[in-house]
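Notes follow the structure.
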Amino acid sequence: MVKTLTRVEIYDQSYSIAGDNDTEYVRRLAAHLDARMRQVARQAKVVDSLRVAILTAMNLADELEAAQARQERLERAIHEKTAACNAILDRALSRTG
């Protein structure tokens with residue numbers, strides 16, 4: 001895959017992002033990050049860009065952890081329901097066999 005170079009602006013700073021991703025995808029990520037940083041800056045009343053970046057990273061890391069925990073719970077529930085369905089099928093098949 002060809003590496004693309006995408007120019008974006010995040011929190012009033014320009015960055016050139018190289019990667020395998022679609023340019024529009026990178027721009028959407030940058031716009032999301034910019035919006036989140038501005039939201040954090042407003043809420044925390046912080047102007048230092050490094051502090052804003054760290055607080056934003058902590059918020060995003062928290063959201064990621066919560067999403068991963070939800071995914072694990074869903075996967076366990078699916079596994080349990082699949083096992084229960086398999087047990088029902090096994091019982092039904094053993095009666096007919």
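At a glance:
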| item | result |
| --- | --- |
| In segment 50-59, the residues that are surrounded by 13 or more Cβ atoms within 10 Å (Cβ to Cβ) and within 14 Å of the chain's Cα centre (by Cα) | T56, A57, N59 |
| Residue check, E63 of a type in the set (D, E) and more than 16 Å from the chain's Cα centre (by Cα) | no |
| Some residue of segment 60-83 being surrounded by 11 or more Cβ atoms within 10 Å (Cβ to Cβ) and aliphatic (A, V, I, L, M) | yes |
| Hits in segment 45-91 - residues which are touching a Leu at 6+ places or on another chain (Cβ under 9 Å) and at pLDDT below 95 | V46 |
| Unmet criterion (only one of (1) touching a strand residue (DSSP E or B) at 6+ places or on another chain (Cβ under 9 Å); (2) not in a strand (DSSP E or B)) for S94 | (1) |
| Residue under evaluation R76, criteria (1) closer than 27 Å to L29 by Cα; (2) in a helix (DSSP H, G or I); (3) out of contact with any Lys or Arg (no Cβ under 6 Å at 6 or more places or on another chain), criterion not met | (1) |
| Residue in segment 25-32 that is of a type in the set (D, E, K, R) and assigned to a helix (DSSP H, G or I) present | yes |
| Near pairs, Cβ below 9 angstrom, 6+ apart or cross-chain, from segment 47-62 (in a helix (DSSP H, G or I)) to any residue that is basic (K, R) | V52/R38; T56/R36; N59/R36; L60/R36 |
| Subset of segment 17-43 (residues that are basic (K, R) and either surrounded by 14 or more Cβ atoms within 10 Å (Cβ to Cβ) or in contact (Cβ under 8 Å) with a residue 40 or more places away in the chain (or both)) | R27, R36, R38 |
| Pairs where the first residue, in segment 1-16, is in contact (Cβ under 8 Å) with a residue 40 or more places away in the chain and the second is acidic (D, E), C-beta under 6 Å, 6+ apart | Y11/D34 |
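The values are calculated or read from the model by the stated rules, or taken from the named source; none is laboratory data. Because the structure is a prediction, the values reported are computed rather than measured. Neighbour counts are summed over all protein chains in view; Cβ atoms, including those assigned to glycine, are modelled from backbone coordinates with ideal geometry.
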